[in-house]
Amino acid sequence: MAYDILHEQLAYYRARAQEYDESIEAAWEFKGAFALARRLLLESGPFEQALDLACGTGIWTQVLLQISSHVTAIDASPEMLAIARQKTGDRRISYKQADLFQWEPEHQYDLVFFANWLSHVPPAALDAFLTRVSYAVRTGGYLVILDQSAPTLEDQQIMKEGEDGCIYAERSLLNGESFTIIKVFYNITALREALAARGFEGTVSRLSEVFFFLTAKKRSQVSDEKRRLLST
């Protein structure tokens, strides 16, 4: 795994925390897709326990709170979490700091959700991450993923493909400081197959030419033998 890149990626989002919301609001190509995703997410509830992975500044945590009795919000950046607490300091939210490449689920949830995170997971780490996510979803519960299946115009201008299958993108802050991050556009069919191997049955809604919204229900527990194979 591109260990140094993962650290640089985290450093970027920690440094970007104060300007994150403004940059998302200014990105016109996100607005229509995110509005549709918000509607689809609201229609998917209600849930008792929801998990928001890579919650960032709490943009989607606020939506999850409308359809969930309790939300656990996890992010690796303390700066992002601090902003999320300020914006949505509801007692029905538990905030936790954790590196999602090392994170192990402690509980099972009715809904596990993450937005714009999967594309930052290197191919070498994908299987292990999806396996941990599958453990976090109770049988009969749901996994919802909002992400990109194709690059935006900005992505096309700044991305470079590496020999390891990763796509690397150089991102800059308002102060001119630049960082290299990972940006991978996973094939949706392959993603659904990977989830099916973990007991999920899902559907995909196309939000735009770039964004997708995947909803998958966990139909069965993964057997001990299958869990062993998935973990290797």
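The values are calculated or read from the model by the stated rules, or taken from the named source; none is laboratory data. Keep in mind that what you see is a predicted model, and the values were worked out from it rather than measured. Cβ sites come from the backbone with ideal geometry, for glycine too, and all protein chains shown count toward neighbours.
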| said: Here's a check for you: in region 52-76, which residue that is of a type in the set (Gly, Ala, Ser) and surrounded by fewer than 24 Cβ atoms within 10 Å (Cβ to Cβ) is nearest to HIS120 (Cα to Cα)? | reply: ALA54
| Conditions (1) under 18 Å from the mean Cα position of the chain (by Cα); (2) more than 22 Å from PRO122 (Cα to Cα); (3) not polar (S, T, N, Q); number of the one not met by HIS7 | (2)
| said: So, GLN148, is that one touching a residue at least 40 places away in the same chain (Cβ under 8 Å) and out of contact with any Leu (no Cβ under 6 Å at 6 or more places or on another chain) or not? | reply: yes
| What residue, of ALA136, ALA197, is without any contact (Cβ under 8 Å) to a residue 40 or more places away in the chain, closer than 19 Å to SER220 by Cβ and in contact with a Leu (Cβ under 9 Å, 6 or more places away or on another chain)? | ALA197
| query | In this structure, does LEU174 turn out to be closer than 25 Å to CYS55 by Cβ, part of a loop (DSSP other than H, G, I, E, B) and in contact with a helix residue (DSSP H, G or I) (Cβ under 7 Å, 6 or more places away or on another chain)? | reply | yes
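Matching residues to (1) of a type in the set (D, E, K, R); (2) crowded, with 18+ Cβ neighbours inside 10 Å; (3) under 16 Å from GLU8 (Cα atoms):
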residue	(1), (2), (3)
SER149	no, yes, no
GLU161	yes, no, no
GLU177	yes, no, yes
ASN187	no, no, no
LEU191	no, yes, no
LEU195	no, yes, no
ARG198	yes, yes, no
SER205	no, no, no
PHE213	no, yes, no
| query | Does ASP127 qualify as being under 23 Å from GLU8 (Cα atoms), at pLDDT 95 or above and surrounded by 20 or more Cβ atoms within 10 Å (Cβ to Cβ)? | reply | no
| strands (runs of 3 or more DSSP E) (entirely within region 11-129) containing at least 1 residues that are under 24 Å from ILE182 (Cα atoms) and more than 14 Å from the chain's Cα centre (by Cα) | 93-97
| message | Among the numbered criteria (1) more than 25 Å from THR131 (Cα to Cα); (2) crowded, with 20+ Cβ neighbours inside 10 Å; (3) at pLDDT 95 or above, which one does THR88 miss? | response | (3)
| Considering only residues of region 177-202 that are of a type in the set (Gly, Ala, Ser) and part of a strand (DSSP E or B), which is nearest to the chain's Cα centre (by Cα)? | GLY202
